[in-house]
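No value in this document is a laboratory result; all are computed from the given coordinates. Because the structure is a prediction, the values reported are computed rather than measured. Cβ atoms come from the backbone with ideal geometry, glycine included; neighbour counts cover every protein chain shown.
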Amino acid sequence: MLSLISPAKSLDLTSPVPVRDYSTPRLLEESAQLIDVMRGKSLSEVAGLMHLSDDLAALNVQRYHDFETPFTRANARPALLMFAGDVYQGMAARTRFSDDDFTEAAHTLRILSGLYGLLRPLDLIQPYRLEMGVRLATSRGRSLYEWWGDRITTLVAADLAASPGERVLVNLASHEYVTAVDLEALDAAVVSPRFEDQGPRGDWKVISFSAKRARGEMAAWLVRHRVRTLADLTEFDDAGYRYVPSLSTPEVPVFRRKR
C-alpha cells in the first residue's frame with residue numbers, strides 16, 4: 001500500500017529536523033538538468049512561467065543559481081520536513097511522527113515534485129519553486145509531463161511492489177501532480193478519497209483548504225496506524241471526518257465532517 005501527496009509552495013527552512021537518517025532523490029541527475037534549463041531563464045521569464053511577483057521570481061532565480069550537489073545535511077533538508085503547506089500542516093510529521101513512523105513513511109509514502117520527480121519522505125532537497133503544471137519547454141517537449149515521461153510511473157510501480165500490504169495506491173495528490181503518473185499502467189487498485197465539509201445551510205461540499213489538510217491528516221494516519229488494506233482505510237476518523245459508505249465507490253471513498 002502506497003500513498004501519493006503533492007509538494008507545497010510554502011517551505012520551512014529553519015525548524016529543527018527531528019531525524020538523523022536521510023536519503024538522496026533517485027532522479028537527482030534529471031533535476032540538475034532541469035535546474036540548468038531554469039538557470040537560462042531571465043527573471044521576467046521565471047515570473048511569467050509561474051505567475052510570480054518580481055520578488056518571488058528573484059528569490060527562485062537565486063535558488064536555481066545556488067543549487068549544488070551533492071546534497072548533505074548542511075545544504076539540504078528532508079522533503080517531508082521542508083514542505084510546509086496545508087497538506088503538511090495536516091500531517092504534522094515533525095511533532096506526530098516517531099522514529100519508527102518516519103521509517104514506515106519511507107516505505108509507504110511518496111511526494112510528487114516538478115523538480116525532483118518522485119521523492120521519498122527523507123530524501124534531501126534544496127528549496128525550489130517549479131510546479132508540475134508549468135509549460136516549460138525542454139529538449140523532451142513543452143511541459144514537465146513530457147520531461148518526466150514514464151520515469152515517475154516506473155518508480156511508483158517499483159515502490160508500490162515493494163510496499164507492505166495490499167497492492168493499493170492511495171491518491172492524496174492534486175490533479176496537477178497525479179497527472180504525471182500513468183495510473184492505468186499500475187497493476188494496482190487506485191483510490192482517491194474525497195473529503196466533504198458541511199456548510200452553514202446543511203449542504204455538503206469540498207472546501208479546498210479543509211480538503212488539503214484532510215489529505216495530510218489521512219496520509220499521516222495511514223503511516224501511524226500501519227494501514228495495509230483498502231478495507232482498513234475506511235476506518236479513518238481523524239479531524240472529525242467519517243466514512244460514508246452510501247456515497248462511496250471503491251475508487252472514491254467519501255468522508256464527511258459535520259459542521
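Dividing the mean sequence gap of close Cα pairs (under 8 Å, 6+ apart) by how many residues region 1-132 holds gives a relative contact order of 44 percent. The relative contact order of region 65-222, computed from alpha carbon pairs under 8 Å that lie at least 6 residues apart in sequence, is 26 percent. Volume per residue of the convex hull around the Cα atoms, evaluated for the chain, comes out as 133 Å³.
For Lys205, the lysines whose Cα comes closer than 18 Å to its Cα, not counting residues fewer than 8 places off in the same chain, are Lys258.
Only helical runs count toward this figure. For the chain, summing -39,500 (n - 2.57) over DSSP H runs of n ≥ 4 and dividing by all residues gives -10500 deg cm²/dmol at 222 nm. Ordering Ser10, Ser143 by the number of other Cβ atoms within 10 Å of each residue's own Cβ, fewest first, gives Ser10, Ser143. From the Cα gyration tensor of region 97-226, with a ≥ b ≥ c the square roots of its eigenvalues, which class applies: rounded if a/c is under 1.5, or else prolate if a/b is larger than b/c, or else oblate? It comes out oblate by the Cα gyration axes. Computed extension gain for Ala185 through His225, at 0.36 nm per residue and net of the alpha carbon distance, reaches 11.6 nm.
Sorting Arg259, Arg129 from the fewest to the most surrounding beta carbons within 10 angstrom yields Arg259, Arg129. Can you grab the distance from the C-alpha centre of region 100-143 to the C-alpha centre of region 189-259, Å, no decimals? Using only Cα atoms, the two centres lie 24 Å from each other.
Relative contact order for region 121-184: what percent, with Cα pairs under 8 Å and sequence separation of 6 or more? Walk me through the intermediate numbers first.
Working: 43 pairs, mean separation 19.1, N = 64.
RCO, region 121-184: 30 percent.
Beta bridges from DSSP with both residues in the chain: antiparallel share about 45 percent, rounded to the nearest 5.
Taking a straight Cα-Cα cut-off under 22 Å and skipping sequence neighbours fewer than 8 places away in the same chain, the lysines within cross-link reach of Lys41 are Lys9.
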